[in-house]
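Contents: one structure, followed by commentary.
Where a number appears in this text, it was derived from the coordinates with a stated rule and is not lab data. Just so it is clear, the structure is predicted and the values come from calculations on it, not from any experiment. Virtual Cβ from ideal backbone geometry, glycine too; neighbours counted across all protein chains shown.
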Amino acid sequence: MTIQNVDGKVNDLRTTPSGSALDIAAANWPLLALIACAAMLGAAHAFETFGKLAPCLMCLKQREVYWVTGTVALGGVVLSRTPWAARLRTPIIVLLGLGFLFGAGVAAFHAGVEWKWWPGPAACAGGGAVASGDLVAMLQGGKVATPSCDKAVWVFLGLSMAGWNAVISLGLAIASFASALRLRKAA
């Protein structure tokens, strides 16, 4: 299996020394981060659409982090095709790590609110699930009740969606920082 990294170099994973796959992942981290952001946003929207799990305000804040971090990743992918790629790659990857780390913090805070470890923002009082029939009220300028942030509507292996998002975001942050370190050592 061959993989072409953003610099145009082709590597054969079957014949390269151990660790080369990590080098390729580090060199292409902005693209991998963009894919991760798209996957997380896709999963969130799938839970909302197919699972009928309306997002609370803190859930929407967690999505905003992925939109912003995904935009940074897209910028990194575009810039990787420029003469400044070598100079900008590591700072962009560090910025991605900070974005994912911030997302982990937002998600962990939300999970803490769900577990009643601390109070959530006043705007998260909620009032039940948003029904599709409320679209007319929204279009007419009416207010639509959003779910409360302090109730976990989905739990898997003891973690809510916010808890899983915290774990995944932390993993992506660690991978970002590890990629930045790997690229810095290789330079």
Inset, instruction - In nm, give the distance between the simple-model label positions of VAL167 and LEU98, each being 7 Å from the Cα along the Cα-to-Cβ direction. - result: 2.9 nm
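Between ARG81 and TRP117, how high is the FRET efficiency from 1/(1 + (r/R0)^6) when r is the Cβ-Cβ distance and R₀ = 41 Å? Nearest 0.05.
0.35
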Inset, instruction - Subtracting the Cα-Cα distance from 0.36 nm times the residue separation, let me have the gained length for ILE35 to GLU48 in nm, one decimal. - result: 2.7 nm
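Can you list, largest first and rounded to whole Å, the semi-axes you get for the stretch 21-186 by taking the square root of 5 times each eigenvalue of its Cα gyration tensor?
Numbers: eigenvalues 233, 62, 32 Å².
In descending order the semi-axes read 34, 18, 13 Å.
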